[in-house]
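Reading through the structure tokens given below for one structure.
The values are calculated or read from the model by the stated rules, or taken from the named source; none is laboratory data. Every value quoted in this text rests on a predicted model; they were computed, and no experiment measured them. Counting neighbours? That spans all protein chains shown, and the Cβs are built from the backbone with ideal geometry, glycine included. Ligands, DNA and RNA are stripped out before the accessible areas are found, and what is left, the full protein with its side chains, is counted by its heavy atoms. Shrake-Rupley method; radii C 1.70, N 1.55, O 1.52, S 1.80 Å.
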Amino acid sequence: MPNISLPSFSFFKGDPDTSEDGSNVTYETLIDTSSEKIFVTNNSTSRREFGEAILGSIDKAGSGGIHAIIPVKEVLASEEETKQVMLTPREVFSLLDLSVDSALARNIEGYTIGAIDTQSSGGEVFLLADIRSYDESFGALLDWEEDMASDLYNIFHQHRAAISSNNSFEDSTVRGYDARELVIAEDSTEADSETNNEEVERESILIYSLPEENKLILTRTSEALRDIILRLEE
């Protein structure tokens, strides 16, 4: 593993509009990004709009950029005033109807959901999070692997074959960091004329990594994971 220290990521925490202590600043200082808020409530309409906003971030990332989606809700600040606060990880997982263990949501301190424009694979959706416990978070992710592809199909827009097949996650490495990758193999329509064997193509469906004990990156391709890590290393 490379001997580097990834810089602390600046997440949207609490109220995205104000930042008295600097903890709510955006991360433009680290990576070229744009962002948008989406107001959500716990109903089917908000679930659909939130999912559509995440997918829509792919087209808004711009060349080589990132577009982040900030899910917010209104809460009472006083008897007469309301304020906007970002959804907790538990609320996001519930809104997206994910079957992940609650230990993962409990261990996320800050998060960003959006899309990154990669040079090789185009726009890819990602989740980037600060986590408290590596062991608990990694354990929850391992337990989630069986259902991860079906849970995230509408959000990550990956190959439908990942849901119905018996493919499983395998160990991988990206820029020297350990990762877990779900790959499907497809038979090419072009056969090898000499060996009469069909060429097998492998396609990355989902990949996640904890490049440091307090960082989690979940995305669709190893190229997107590499690009996010590169930006964090800057």
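Couple of notes before you dig in:
- Computed lengthening from Asp59 to Glu81, 0.36 nm per intervening residue step minus Cα-Cα distance: 4.4 nm
- By accessible area with a 1.4 Å probe, ligands and nucleic acids excluded, highest first: order of Phe39, Phe138: Phe39, Phe138
- When each of the peptides 210-220, 74-84, 46-56 is scored by the mean number of other C-beta atoms lying within 10 Å of its residues, the order from highest to lowest reads 210-220, 46-56, 74-84.
- Cα principal axis extents for the range 83-126, largest first, Å: 34, 29, 18
- Charge tally in the Cβ shell below 14 Å around Leu96, where Lys, Arg are +1 and Asp, Glu are -1, Leu96 excluded: -3
- Kirkwood Rh in Å, taken over all unlike Cα pairs in the range 45-184: 16.6
- Largest-first ordering by accessible area, 1.4 Å probe, given options Thr112, Thr41: Thr41, Thr112
- Positive contributions from Lys and Arg (+1) and negative ones from Asp and Glu (-1), summed over other residues with Cβ under 10 Å from the Cβ of Arg132, come out at -3.
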